[in-house]
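Read-outs: derived from the displayed coordinates by stated rules, not from any lab. These numbers were taken from a predicted model, which means no experiment stands behind them. Positions of Cβ are generated from backbone atoms using ideal geometry, with glycine treated the same way; all protein chains shown enter the neighbour counts.
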Amino acid sequence: MKSAHLRSVTFKGIALVASFLIVYLLIQAGVIDAFYQATIATICINIVLGASLNLITGFTGQFSLGHAGFMSIGAYTTALMTLHYPSVWGFLGGLLLGSAIAAVLGLLIGLPTLRLRGDYLAIATLGMAEIIRVLMQNFTFTNGASGLFPARFLNWPWMFLLTAGSVILIANYIRSRPGRESIAVREDEIAAASIGVNTTRAKTLAFVVGAFFGGLAGGMYGSYFYWIRPDTFNFLQSINILVIVVLGGLGSLSGSVIAAILLGVVTTLLADYPTVQMILYAIVLIVLMVFRPQGLMGDRELSLRLFGRLLPRRRPTEREVVP
């Protein structure tokens, strides 16, 4: 059992290092230009957003539509920090401060709203996100509806480190005791409470952790793209994040990563056809939901055992069968 786990960890580590080196060398060689670098940045940001929302919706079972609000807090905080302190330390400070503010806001909002369930929780979190957007649109220090024009500090090494680190930390949280309590709440909240699980604490803690990484993704956005404005973090942005979670599979971090990459590639391929882009995008989602409503991965994760099941098995020869 330990050897299988060690092989799985080694395989994942090699895959991470290989992906980083391949993209880095292609960027240095000029094969990946500025357009494709922006696509990669969008994919990395969506991976963090999808993984963090999956923790709330997929693993804890709380239907949230307020992730764009946490993203906007992280984006504006990082942008303001880099404008006032144009250095790497200002960039890192903005990321940490924006994520911390988003987590505190998640705690303040989660305590009263997570007692709600289903559609009521979705409406409450959606209202929270809209309140944040309206405030950002009317504050003077955020430059109102005109937005901010921050400097770019996020490059591929930082992008890879933040994305891979976020997914690893969320995965470790899910495997910890609070993460298992969150899964128990998702499966049956009454049964979880009957065996001593503090369901309110489990849901609130998952909401806070998800808000923290939502703010981190917003900080990545605010330190890569040269213009951020309140309309970027509207209701449709929350829906786009939810689509990544549902498309990849509720309760599967691997599914969120695959869905973010897939949607990023499809959006790039359809960039020359803006009139039919959303139509084809919607058709693909409808077809997938009809034929595979559990999403691409369901609740499974990528592993060597899963790859072994997908590969065709070799039939034994007569000499191997006959003793």
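Residue by residue, the range 66-79 carries 3J(HN,Hα) couplings of x, 5, 5, x, 5, 4, 5, 4, x, 5, 5, 5, 5, 5 Hz when phi is fed to the Karplus relation 6.51 cos²θ - 1.76 cosθ + 1.60 (θ = phi - 60°); x denotes Gly or Pro.
Once Lys and Arg get +1 and Asp and Glu get -1 on their Cβ, which of Thr78, Phe212, Asn138 lies farthest toward the positive end of the dipole of the chain? In the chain, that residue is Phe212. The phi torsions of the range 261-275, fed into the Karplus equation with coefficients 6.51, -1.76 and 1.60 and a -60° offset, translate into couplings of 5, 4, 5, x, 5, 4, 4, 5, 5, 9, 5, 7, 10, x, 6 Hz, rounded to whole numbers, with Gly and Pro shown as x. Relative contact order for the range 54-160: 35 percent, from Cα pairs under 8 Å spaced at least 6 residues apart, divided by residue count.
Across the range 33-234, C-alpha contacts under 8 Å between residues 6 or more apart give a mean separation that, scaled by the residue count, equals a relative contact order of 43 percent.
Computed from Cα atoms, the angle from the helix 177-187 axis to the main principal axis of the chain rounds to 80 degrees.
The tail of the calculated P(r) for the range 67-188, taken as Cα-Cα distances beyond 17 Å, holds 67 percent of the pairs. A simple charge model with +1 on the Cβ of Lys and Arg, -1 on the Cβ of Asp and Glu and nothing else charged puts the dipole of the chain at about 960 debye relative to its Cα centre. What separates the Cα centres of the range 243-295 and the range 58-84 is a distance of 22 Å. Using the Karplus relation 6.51 cos²θ - 1.76 cosθ + 1.60 with θ = phi - 60°, the per-residue 3J(HN,Hα) values for the range 53-58 come to 6, 5, 4, 7, 8, x Hz, with x marking Gly and Pro. What the Cα atoms of the chain give is an Rg and a Dmax of 20.9, 83 Å.
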